[in-house]
1. Just checking, which of Glu50, Glu75 is at pLDDT 80 or above and assigned to a loop (DSSP other than H, G, I, E, B)?
2. Condition check: outside any helix (DSSP H, G or I), acidic (Asp, Glu) and under 26 Å from Glu301 (Cβ atoms). Does Glu232 satisfy that?
3. Taking Gln258, is it closer than 24 Å to Ile230 by Cα and of a type in the set (S, T, N, Q)?
4. Does the stretch 11-41 hold any residues that are of a type in the set (Gly, Ala, Ser), outside any strand (DSSP E or B) and modelled with pLDDT under 90, and which are they?
5. So Asp343 ticks every box in (1) closer than 14 Å to Gly522 by Cβ; (2) in contact (Cβ under 8 Å) with a residue 60 or more places away in the chain but one. Which box is left unticked?
6. Checking the conditions here, which among Asn224, Asn162, Asn192 is under 18 Å from Tyr68 (Cβ atoms) and not β-branched (Val, Ile, Thr)?
7. Tell me, which residue of the stretch 449-505 that is surrounded by 23 or more Cβ atoms within 10 Å (Cβ to Cβ) and among the acidic types (Asp, Glu) is nearest to the chain's Cα centre (by Cα)?
8. Inside the stretch 81-93, can you point out the residues that are surrounded by 13 or more Cβ atoms within 10 Å (Cβ to Cβ), modelled with pLDDT under 80 and either not acidic (Asp, Glu) or not in a loop (DSSP other than H, G, I, E, B) (or both)?
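The values are calculated or read from the model by the stated rules, or taken from the named source; none is laboratory data. Just so it is clear, the model here is predicted, and its values are computed rather than measured. For neighbour counting, all protein chains shown are included, and Cβ atoms are generated from backbone atoms with ideal geometry for every residue, glycine included.
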Amino acid sequence: MLSISNVSKILGGKALYNNANFQIHPGEKVGLVGPNGVGKSTFFRMIIGEERPSSGEISVSDKLRIAYFSQSVGEMGGKTALQEVLDGDQQISILQDQIKKYEEKMADYESLSDDEMNDLMMKMGDAQTEFEKRGGYDLESRAEEILTGLGILPQDHHKLTNEFSGGWKMRIALAKVLVIKPDLILMDEPTNYLDVETIRWLETWLQNFEGSIFMTTHDRVFMNKVVKKIIEVNHGQVFTYSGDYDFYEKEKEVRLEQIKAQYSRQQAMLKKEEEFIEKFKARASHAAQVQSRVKKIEKIERVELPKEEKTINFEFSKPSRGSDDVVIIEEMGKSWKKKDGSDLEVFKNLTITVKRLEKIAVVGVNGAGKSTFLKVIANQTDATQGSSRLGESTSLGYFSQFSFDVLNPESSVFEEVRSVLNNASDGYLRNLLAAFLFRGDDVDKKVKYLSGGEKSRLILATLLSQNHNFLVLDEPTNHLDIQSREVLLNALKKFEGTIMIVSHDRHFLEQLASKVYEVDKGEIRVFPGTYKEYLER
């Protein structure tokens, strides 16, 4: 169906990959993995023809219908959410017009010869078959179902798209892709901006989808639920693994150990041959043997060790103990003023005490008020009623979805860290930055040239090194690849303080949370126990 043969791609003078080979067959669900910046999105753009490979060939079956979801939504305006989705497959509208014209011509059957009538019936039959294949007959009901599944409720289906925020427009763009019923869906980070409930709905939809899927995501649980094959891009090479993400991780480790063993054996053999050559090269009696061994080692294909993966690795100092009562919340409520002057109540009458060393997941659908709750805790906004106060000796560190705004775009990475940790030595700062993957010339790069993932790592590096004993984290995993998320998770698991976190990464929450706060319909409910236990309940 789709074949990648000996594909190489050079971008900006750098080889993203060399001689890549893999296939995607009908019905296969395939994950594309690798660190940020290795060229995963470039593969998608080459498949749809937006870019061309530097060498090699991308072969696509005739009449293969491909739909592509990317992080670039494009222009939306002037249509309702439902109409935007209905217009996603222009071919359906074209076929609908053709069928209507054929029907009008056939209504005037007296003016048609038998041959003309047969020709019309053949053409209309072909158009109807294609219309049915594309799902034209149930298009509207399917569009409504998908929009609702993606969290856009029926009462909002007829709202104009320009009334939706960027995150909700992403959902409309995703609905346009799903409604098409293609043979192959290409998906670049489909879970971004989705809450857990919507991610779980999308999981089920993709599991039941009969076509093929080729996708990249930083959500390992989502990947495990959907895909049965992994394509890895790393260090200019492409590898295929037959299994889900967990299987890939285990098999990758096995493959690495096998390569290391092969490398050791080959190095031992080469050393032995080279010692023989060195010992007997001056002896005429061994000239033939020496030449034979020289030719032998020249022809040997050398085993190369894979480059070591760069990972975040840093030992943070133990924070001060702080009080047992970290946050004391009494009869707290919060409401916002809407555009029409009325009040939007986010939550009310909340009385909770956050205890030392608790690791709390704050969950709820998008728009429920999770970020507002964290802002009140972090003193970024005032409660409308009641109070929230920190316990004695509590030092709070806050990471928000808008933390990028605190960075000075004209500062270098090193200058930005220096501005926050002004008493630390240069050596400490360089070690800190190296632990968060800013090495060599990277520390001199200006903030304005950093990717989203790099900015997140920079902010987390400074936040986690300030010895706070209470961390309030709003979507810290956004923009981080799976490997960086794993290292951040391990750092937070070792953290000897209190954590309150919003994240849509279920694996992250399952591994970290010991208690769950659910924000829902103006209430915040407390679930003692792990995130997994909360989901089961």
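1. Testing whether each residue is at pLDDT 80 or above and assigned to a loop (DSSP other than H, G, I, E, B) leaves just Glu50.
2. yes
3. yes
4. Filtering the stretch 11-41 for residues of a type in the set (Gly, Ala, Ser) gives 12-13, 15, 20, 27, 31, 34, 37, 39, 41.
Filter again for outside any strand (DSSP E or B), leaving 12-13, 27, 34, 37, 39, 41.
Passing the criteria: Gly12, Gly13, Gly34, Gly37, Gly39, Ser41.
5. With (1) closer than 14 Å to Gly522 by Cβ; (2) in contact (Cβ under 8 Å) with a residue 60 or more places away in the chain applied to Asp343, the lone miss is (2).
6. The unique qualifying residue is Asn192.
7. The qualifying residue nearest to the chain's Cα centre (by Cα) is Asp505.
8. Across the stretch 81-93, the qualifying residues are Gly88, Gln91, Ile92, Ser93.
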